Amino acid sequence: MKALRFERFGAFKDVLQVREVNRPVPGPGEVLVKVAAAAINPSDTKNVLGRMEGTTLPRTPGRDFAGVLEDGTEVWGSGGDIGFTRDGTHAEFIVVPREGVAPKPKALSMAEAAGVGTAFITAYQGLIKVAQVKPGEWVLVTGAKGSVGGAVIQLAKWKGARTIAVDRGDDPEKLVREATGGSGVNIVFDCVGGPLFEPCLRALGQLGRQVNITSVGSRHVSFDLVDFYHHRLTLLGVDSRALDTLACASVLGTLAPAFDAGELEAPTIALKASLDDAVDTYQKVESGTAGGRAVFVT
């Protein structure tokens, strides 16, 4: 089978190679998936560049997938271990635990299903499982034009919350004051961090919760600790890498009915490519010039 491989970290053109390798053989409790589509996430590109932790080499990268089991069942899945400590989805076949896949929503194409993966799993884990959003609450989302930010907005509305979307050039405090009459938001889902961290924290009302998943630019931030505890705020860190295939399959299984019912929509797929175009596709995703979600189709 064809698989994208890298044996060392470095520039895509130097380390990424499409190779013919043996098809993986499932062991006890595992299934073989014929990959129909696999997303290329920023974490996949950073993994090859050596900017992620815990990766063992040599490796096939890729986290998100949609495909077909040997019995013909259409499935989708993801995992913080896939592409890092177990061979990933940028290949024609992948082996995962039997409970590490969920039935694919019938309403989604293979490419659309592959594009849901990490973005919606991260959004769900942060907004619903960790921050425990409630109907009627205000949610401020930074990096709203990105895949995770867009997923947060959808999930917040799905749960009956109200959203305020900001991008990097916006003033979150001003927008929040205008929208909430000065009371502040209940939740901030910060997909940017860095320079937006403290302004977002100041946008929270009493008992507010702030979720952070990354930090663009500086990874060190500061804030007014007295203001923090007077408002009884909570900081919540979420790392989707901590969720293995089983945890991700559980999330996707929960979301599938909402996609089939039209209550949630898959991200628009901006770029479809083959494994043979991997270097160029990885470069576009890393540079932000892919135009949106990119997937390999086999």
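The values are calculated or read from the model by the stated rules, or taken from the named source; none is laboratory data. Bear in mind the structure is a predicted one, so any value in this text is a computation, not a measurement. Glycine gets a Cβ as well: all are built from the backbone with ideal geometry, and neighbour counts include every protein chain shown.
Out of the residues in segment 25-82 that are of a type in the set (K, R) and in contact with a strand residue (DSSP E or B) (Cβ under 9 Å, 6 or more places away or on another chain), state the one that is farthest from I269 (Cα to Cα). Don't jump to the end; show me each part of the working.
The initial filter retains those residues of segment 25-82 that are of a type in the set (K, R), namely 34, 46, 51, 59, 63.
Filter once more, keeping what is in contact with a strand residue (DSSP E or B) (Cβ under 9 Å, 6 or more places away or on another chain): 34, 59, 63.
Numbers: K34: 20, R59: 26, R63: 16 Å.
So the residue we want is R59.
Scan segment 25-58 for residues that are more than 14 Å from Y282 (Cβ to Cβ) and either buried (at least 22 other Cβ atoms within 10 Å of the Cβ) or touching a Pro at 6+ places or on another chain (Cβ under 7 Å) (or both) and report the count.
7
Within segment 190-212, track down each residue that is buried (at least 22 other Cβ atoms within 10 Å of the Cβ) and assigned to a loop (DSSP other than H, G, I, E, B).
Scanning segment 190-212 gives C191, V192, A203.
Considering every residue within segment 109-117, establish whether at least one is out of contact with any Gly (no Cβ under 9 Å at 6 or more places or on another chain), of a type in the set (D, E), outside any loop (DSSP other than H, G, I, E, B) and more than 16 Å from T245 (Cα to Cα).
Yes, the conditions are met somewhere in segment 109-117.
Is it true that some residue in segment 227-240 is farther than 18 Å from V141 by Cα, among the hydrophobic types (A, V, I, L, M, F, W, C) and either modelled with pLDDT under 95 or in a loop (DSSP other than H, G, I, E, B) (or both)?
First pass over segment 227-240, keeping only residues farther than 18 Å from V141 by Cα: 227-232.
This time we only want the ones that are among the hydrophobic types (A, V, I, L, M, F, W, C), so: 228.
From what is left, the residues that are either modelled with pLDDT under 95 or in a loop (DSSP other than H, G, I, E, B) (or both) are none.
No: zero hits.
Could you run through segment 139-180 and say how many residues are in contact (Cβ under 8 Å) with a residue 60 or more places away in the chain, farther than 23 Å from V285 by Cα and crowded, with 18+ Cβ neighbours inside 10 Å?
Qualifying residue count for the region: 2.
Scan segment 25-37 and tell me whether some residue there is in contact with a helix residue (DSSP H, G or I) (Cβ under 6 Å, 6 or more places away or on another chain), of a type outside the set (V, I, T) and part of a strand (DSSP E or B). Break it down stepwise before answering.
From segment 25-37, those in contact with a helix residue (DSSP H, G or I) (Cβ under 6 Å, 6 or more places away or on another chain) are 29, 31, 36-37; that's our starting set.
Adding the requirement that they be of a type outside the set (V, I, T) leaves 29, 36-37.
In the following step, the residues that additionally are part of a strand (DSSP E or B) were identified as 36-37.
Within segment 25-37 (the criterion being in contact with a helix residue (DSSP H, G or I) (Cβ under 6 Å, 6 or more places away or on another chain), of a type outside the set (V, I, T) and part of a strand (DSSP E or B)), the answer is yes, since at least one residue qualifies.
Could you list, in sequence order, all residues of segment 57-100 that are of a type in the set (S, T, Y) and either part of a strand (DSSP E or B) or in contact with a helix residue (DSSP H, G or I) (Cβ under 9 Å, 6 or more places away or on another chain) (or both)? Quick ask: steps written out before the conclusion?
Residues of segment 57-100 of a type in the set (S, T, Y): 60, 73, 78, 85, 89.
Within segment 57-100, S78, T89 meet the criteria.
Out of curiosity, is V216 out of contact with any strand residue (DSSP E or B) (no Cβ under 9 Å at 6 or more places or on another chain) and closer than 20 Å to A119 by Cβ? Spell out the reasoning first.
On the way: out of contact with any strand residue (DSSP E or B) (no Cβ under 9 Å at 6 or more places or on another chain): yes; closer than 20 Å to A119 by Cβ: yes.
Taking the combined requirement at face value, the residue satisfies it.
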